[in-house]
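Here's the structure, in structure tokens; my notes come after.
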Amino acid sequence: MNTENHILDILQLHEYGMAIGQSLEYKKSCDLFLKILLKRKNLNAAWILEDIKDTLLTTYAIPQGNEVSKVYTSQLKEVLSNMDDHLLVSDISIIQNAAPFSIDNGSVAIFNLKKQGFLFLYSKKNNISSIDLSQLQPVINKFCVNLQACKAFEEQENLLKNLASQNQELSDYAHMVSHDLKSPLRSIEALLNWLKEDYQEALGKKGSEEIDFIGSHLEKMDNLISGILSYSSIDKDLRKEREIDLNVLLDEVVNLQAVPSNVEVIIKKLPTIVADKVKIQQLFQNLVGNAISSMDKPEGKVTVSCEIVARAPRFKIADNGKGINKAYFEKIFQIFQKLDSDTSGTGIGLSIVKKIVSFYGGKIWLESEEGVGTTFYFTLPHTT
């Protein structure tokens with residue numbers, strides 16, 4: 001080989017290498033590499049066949065031909081199973097049934113792509129030599145690795161699409177179930193109110209109390225349905241982020257609570273963050289509401305404060321209520337789990353809190369002593 005041809009071959013190999021890995025889309029990756037290869041080597045066609053359950057199937061062909069779906073012939077199976085990295089076939093009758101288009105004369109080079117199948121290169125003019133195959137083998141090896149990456153990427157993309165589709169279906173189902181379940185609840189609540197108004201004397205005090213008891217259970221079920229819907233949609237809703245002055249937000253949260261006269265809620269200076277207001281309001285509403293409802297002291301106190309740790313806000317909500325047994329520290333963050341003594345809760349509030357904190361890349365934990373009080377800590381690193 002003269003120096004000029006050697007330099008040309010090196011440049012061609014470099015060009016092949018540059019084409020490999022520029023895309024993780026299977027067809028595009030094959031196009032980028034094989035079109036250059038056919039042009040530079042003056043070849044007529046290329047195709048890839050994969051062995052799927054003893055059947056050869058086309059995964060790529062240039063020019064576009066008919067899809068190949070052939071059971072191995074014994075002769076072709078013997079050729080492919082006994083080859084190592086590459087093989088030059090001059091008797092193309094062995095290959096004809098495995099080609100996506102008609103081939104009559106010339107020669108075919110076969111490269112073993114391992115788990116990615118076999119690459120066939122066709123030349124009508126018999127201008128492929130064993131030296132060409134040896135020179136091409138290093139870039140074919142890189143091409144093989146790239147195809148493996150393409151397959152992995154495609155599988156990942158399909159998995160993500162399936163998950164997204166399933167998540168959307170679950171979200172749609174949750175909204176549908178919520179609507180279908182709440183509708184009869186509202187009807188029952190309306191009927192109970194009519195019964196109390198129309199038959200108040202006949203019902204008497206005991207009957208009215210029983211109807212109020214049914215009404216409280218209806219309200220609990222309504223809260224449970226709303227909680228399930230909220231929990232299922234936390235990480236699916238589009239984030240409507242904006243600046244939130246937490247001092248103003250906490251005032252709104254406290255005003256929405258039925259704070260007993262013996263409980264004082266203290267809000268210390270809080271920062272302004274960038275987040276979804278609805279999610280952050282849910283977060284503080286659940287934690288402050290839990291602190292208020294857990295109060296068992298004549299003079300209750302709930303304190304909301306914040307400090308900056310490692311450039312991220314760390315919030316603290318402390319109360320002097322009845323406290324939580326250490327055995328429940330992990331359990332209370334799980335959906336539908338609640339304290340044995342808590343008959344009014346739905347078991348969803350703190351699971352919503354944890355999911356919102358996780359949504360913003362934070363952590364939540366607590367310290368508590370029975371009879372003394374509880375302090376919840378959480379971070380929101382992605383809101384500054």
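Results, tabulated for the structure shown:
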| item | result |
| --- | --- |
| Charge sum, other residues only, whose C-beta stays under 12 Å from residue 264's C-beta, Lys/Arg counted +1 and Asp/Glu -1 | 0 |
| Partner lysines for residue 39 [C-alpha distance under 22 Å; skip if fewer than 8 residues away on the same chain] | 27, 28, 124, 125, 142 |
| Long-range amide H partners of residue 302 with built H, under 5 Å | 264, 265, 266 |
| Residue 266 accessible area, assembled protein chains, probe 1.4 Å, Å² | 50 Å² |
| 10 Å binning of all Cα-Cα separations within segment 247-290, expressed as whole percents from 0 upward | 24, 60, 15, 1 |
| Cα-based reach from residue 196 at 20 Å (exclusive), listing lysines while leaving out same-chain residues under 8 positions away | 205, 206, 220 |
| Which of 301, 355, 326 is most accessible, then next, and so on - probe 1.4 Å | 326, 301, 355 |
| Anchor residue 269: lysines whose Cα lies under 16 Å away (excluding residues fewer than 8 positions away in-chain) | 316 |
| Counted charge near residue 333, where neighbours are those whose Cβ lies closer than 10 Å (Asp, Glu -1; Lys, Arg +1) | +2 |
| With all protein chains modelled, accessible area of residue 114 [1.4 Å, Å²] | 120 Å² |
| Heavy-atom accessible area ranking, 1.4 Å probe, most first, across 86, 217 | 217, 86 |
| For residue 40, solvent-accessible area (1.4 Å; no DNA, RNA or ligand), Å² | 100 Å² |
| For residue 321, distant residues with modelled amide H under 5 Å away | 374 |
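The values are calculated or read from the model by the stated rules, or taken from the named source; none is laboratory data. Remember, predicted model here, so these are calculated numbers, not experimental data. Don't worry about glycine lacking a Cβ; one is built from the backbone with ideal geometry, like all the others, and counts go over all protein chains shown. Side chains included, ligands, DNA and RNA excluded: accessible areas come from the protein's heavy atoms. Shrake-Rupley method; radii C 1.70, N 1.55, O 1.52, S 1.80 Å.
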